[in-house]
Amino acid sequence: MKIWNNLKFFDQKTKKVKFIIPYKVLSKYDKKVFKTVLNAMDLISKRTCVTFTNIDNNNKYKGKDYLAIVNEPGCHSVIGRNLGKNVLHLELGPKMFSLKTGLWVRKTCVKHRIVLHELFHLLGVFHEHQRSDRDKYIEIFEKNIREDKKINFIKIKNDETWGLPYNYDSIMNYRENIFNLIL
């Protein structure tokens, strides 16, 4: 798997090398809503050697691999860097009035935790519950998982856990009943 290492700069302020992930927003998002995405990118930039740069009107990055953020069905990203456009789907569903609550609601994955989760996929991070040693820590009831979502629970062979214990609180760990057939 390729990582994002072909674009980098030396940050004079921190005296550290930063790896640049160029991105374009290919869909319309409300500024207030998109601030959630920018905040997630900012958090990653502050705590890692990765930074994100908007290239909407910048020819400097023409022909480079880049992240394309789209408002299309689903909440998912590629894992690691691929050639050209690397799509991050962040669905922002239509607003609908809830008779139950009397409020306008929207199905969306533009939420801080979800955006961070998907950005980590882009950086090459798999789900915590897909670790090759996960069976020492958790039990997966495969018969209870929707057929179309089972791929999200396949163990990654030959992964590197760096001797770290399973992180139950990882942003890359699904909650216990996600994609459950039994409600």
Options G124, G102: the member that is over 30 Å from G163 (Cβ atoms), of a type in the set (G, A, S) and out of contact with any helix residue (DSSP H, G or I) (no Cβ under 9 Å at 6 or more places or on another chain): G102
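If only one of V110, V115 is in the same structural domain as A40 (by TED's automatic domain parsing), under 30 Å from D65 (Cβ atoms) and part of a loop (DSSP other than H, G, I, E, B), which one is it?
After ruling out the rest, the residue left standing is V110.
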Within the set of pairs 6+ apart or on separate chains, which have a first residue in region 78-97 that is within 17 Å of K111 (Cα to Cα) and at pLDDT below 90, a second that is part of a strand (DSSP E or B) and not aliphatic (A, V, I, L, M), and C-beta atoms under 6 Å apart? L92/T108; G93/R106; G93/K107; G93/T108; K95/W104; K95/R106
Output the qualifying pairs, or none if there are none: Cβ atoms under 8 angstrom, residues six or more apart or on different chains, first residue in region 28-51 and farther than 17 Å from I114 by Cβ, second residue of a type in the set (D, E, K, R). S45/K18; C49/K16; C49/K18; V50/K18; T51/K18
If we keep just the residues of region 53-72 that are under 15 Å from Y29 (Cβ atoms) and free of Cβ contacts under 8 Å to residues at least 40 places away in the same chain, which is surrounded by the most Cβ atoms within 10 Å (Cβ to Cβ)? N54
Go through region 1-34 and give me each residue that's at pLDDT 75 or above and more than 21 Å from V87 (Cβ to Cβ). V17, K18, K31, K32
Evaluate region 121-133: report whether one residue or more is over 23 Å from L26 (Cβ atoms), hydroxyl-bearing (S, T, Y), part of a loop (DSSP other than H, G, I, E, B) and in contact (Cβ under 8 Å) with a residue 40 or more places away in the chain. no
Qualifying position, being surrounded by 18 or more Cβ atoms within 10 Å (Cβ to Cβ) and on the phi < 0 side of the Ramachandran plot, among H127, H112: H127
I171 is checked against (1) part of a loop (DSSP other than H, G, I, E, B); (2) over 13 Å from the mean Cα position of the chain (by Cα) and fails just one. What number does that condition carry? (2)
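The values are calculated or read from the model by the stated rules, or taken from the named source; none is laboratory data. Everything numeric here is computed off the predicted structure, so don't read it as measured data. Cβ atoms come from the backbone with ideal geometry, glycine included; neighbour counts cover every protein chain shown.
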